[in-house]
Amino acid sequence: MWLSLWRPSGLAGSTWTAIREPAPGGVIGLNVNGLMVNGGYTRKNMFGLKLDYPSFLAAMIKALLAEHQGELWLVPHTYAPPGDVESDPEACCKVRAALPEILQHGACRNRANTTSTKSRASSAV
């Protein structure tokens, strides 16, 4: 599934159109930081985090989906090549893989713009 895009109001000549209906229950977008998932450039917690960031993300996603009946999308913002410490799409796939299988509905598109994790396994892709 793709995120819905709508024509922004007040923009003359805009070409934005809806590409699908909004998800029932709405969508939560969660930005995943590849550099933090991988422990920084040193890959050894160079930022001195006091928590395990990938485990924190997985726990936060589970908690959000326990309360939210819509979809949750993992959204990368840095598109480094696969294997690069800064690759957010790869980090999104790692975080998704750490979730229970029932929350992993849909494809992990490592080279696409977004990776989805949905609250209902029966949702269409």
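The values are calculated or read from the model by the stated rules, or taken from the named source; none is laboratory data. Since this is a predicted model, take the numbers as computed values, not measurements. Positions of Cβ are generated from backbone atoms using ideal geometry, with glycine treated the same way; all protein chains shown enter the neighbour counts.
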I'm trying to understand the selection: among the residues of the stretch 76-101, which are under 19 Å from PHE56 (Cα atoms), assigned to a loop (DSSP other than H, G, I, E, B) and free of Cβ contacts under 8 Å to residues at least 40 places away in the same chain? PRO100
Within the stretch 41-64, the residues that are hydroxyl-bearing (Ser, Thr, Tyr) and either outside any helix (DSSP H, G or I) or in contact with a His (Cβ under 8 Å, 6 or more places away or on another chain) (or both) are TYR41, THR42
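Taking the stretch 25-40, which residues are touching a strand residue (DSSP E or B) at 6+ places or on another chain (Cβ under 9 Å) and assigned to a loop (DSSP other than H, G, I, E, B)?
Just the residues of the stretch 25-40 that are touching a strand residue (DSSP E or B) at 6+ places or on another chain (Cβ under 9 Å), to begin with: 25-32.
GLY25, GLY26, VAL32 - these are the residues of the stretch 25-40 that are touching a strand residue (DSSP E or B) at 6+ places or on another chain (Cβ under 9 Å) and assigned to a loop (DSSP other than H, G, I, E, B).
I'd like to know if the stretch 19-27 contains one or more residues that are of a type in the set (Val, Ile, Thr) and modelled with pLDDT of 90 or more.
The initial filter retains those residues of the stretch 19-27 that are of a type in the set (Val, Ile, Thr), namely 19, 27.
After this cut, where a residue has to be modelled with pLDDT of 90 or more as well, the list is none.
Scanning the stretch 19-27 turns up no residue that is of a type in the set (Val, Ile, Thr) and modelled with pLDDT of 90 or more.
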Only one of (1) at positive phi; (2) touching a residue at least 60 places away in the same chain (Cβ under 8 Å) does not apply to TRP73, and that is (1)
Going through the stretch 68-95 one residue at a time, which ones are at pLDDT 90 or above and among the acidic types (Asp, Glu)? ASP84, GLU86, ASP88, GLU90
Before we move on, is ALA58 within 23 Å of GLY26 (Cβ to Cβ) and free of Cβ contacts under 8 Å to residues at least 12 places away in the same chain? no
Does the stretch 60-81 hold any residues that are of a type in the set (A, V, I, L, M) and exposed (fewer than 14 other Cβ atoms within 10 Å of the Cβ), and which are they? MET60, ALA63, ALA66
